[in-house]
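The values are calculated or read from the model by the stated rules, or taken from the named source; none is laboratory data. Note that this is a predicted model, so its numbers are computed, not measured. Heads up, the Cβs are rebuilt from the backbone with ideal geometry, glycines too, and the neighbour counts pull from every protein chain shown. SASA here: full protein model, heavy atoms, side chains in, ligands and nucleic acids out. Shrake-Rupley method; radii C 1.70, N 1.55, O 1.52, S 1.80 Å.
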Amino acid sequence: QVQLVESGGGLVQPGGSLRLSCAASGINFRIYTMGWYRQAPGKQRELVAYISVGGTTNYADSVKGRSTISRDFAKNTVYLQMNSLKPEDTAVYYCNAASGNRGYWGQGTQVTVSS
């Protein structure tokens, strides 16, 4: 059974930081591109960042320079470090695993940026 379990969300003040984690099980983590997406109320789900098997990363313009995606093959976990958070970063953040025509989603973790 494939599971992607996100954690690390919460309430943070503007300018603060959070580190999201996504622990994967039931997949061969080494062959999956891992990504983080987010969906704000009333908006479509959008890509935040992804990291390939080889370590290539890509970021949405809205988070570039403020976020870092990384992965730990020993722990089958992908991380998203987010700094200088803004109210517009408020959303549910979803972990995604993709390989060929296979794709899986986590249940999401809420990030709220507010004073």
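When the chain is treated as a GNM, springs tying every alpha-carbon pair under 10 Å, which of LEU47, LEU11, LEU20 comes out with the largest mean-square fluctuation?
LEU11
Rolling a 1.4 angstrom probe over the protein heavy atoms, how many square angstrom per residue are accessible across the chain? Working shown, then result.
Working: 5990 Å² over 115 residues.
Averaged over the residues of the chain, the accessible area is 52 Å².
From the residues TYR104, SER115, PRO14, which one has its Cα farthest along the dipole of the chain in the positive direction, the dipole being from +1 and -1 charges on Cβ of Lys/Arg and Asp/Glu about the Cα centre?
Sorting the options by dipole projection puts first TYR104.
Just to confirm the filter: which trypsin sites (Lys or Arg not before Pro) across the stretch 13-93 are DSSP coil and have at most 11 other Cβ within 10 angstrom of their Cβ?
Hits after loop and neighbour filter: LYS43, LYS64.
Looking at the stretch 60-103, which chymotrypsin sites (Phe, Trp or Tyr not before Pro) are DSSP coil and have at most 11 other C-beta atoms within 10 Å of their C-beta?
Sparse-neighbourhood loop chymotrypsin sites (Phe, Trp or Tyr not before Pro): PHE73.
Which value, in debye to the nearest 20, describes the size of the charge dipole of the chain about its Cα centre when Lys and Arg Cβ atoms bear +1, Asp and Glu Cβ atoms bear -1, and nothing else is charged? List each step's numbers first, then the result.
Working: 11 positive and 6 negative charges, 30 e Å.
Here the chain has a charge dipole of around 140 debye.
Provide the per-residue ³J(HN,Hα) series for the stretch 8-23, in order, calculated from phi with Karplus coefficients 6.51, -1.76, 1.60 and θ = phi - 60°, each as a whole number of Hz, with x at glycine and proline positions.
x, x, x, 9, 9, 7, x, x, x, 10, 9, 10, 8, 10, 9, 9
Give me the percent of the accessible area of the chain that comes from carbon and sulfur atoms, probe 1.4 Å, all protein chains in place.
45 percent
Lysines near LYS64 by alpha-carbon distance under 25 Å, same-chain residues fewer than 8 away left out - which ones?
LYS43, LYS86
Which whole-number percent is the relative contact order of the stretch 1-73 (Cα, under 8 Å, 6+ apart)?
Across the stretch 1-73, relative contact order equals 21 percent.
What would the Debye equation give as log₁₀ I(q)/I(0) for the chain at q = 0.11 Å⁻¹, counting only Cα atoms as equal point scatterers?
For the requested q values the scattering log ratios are -0.31.
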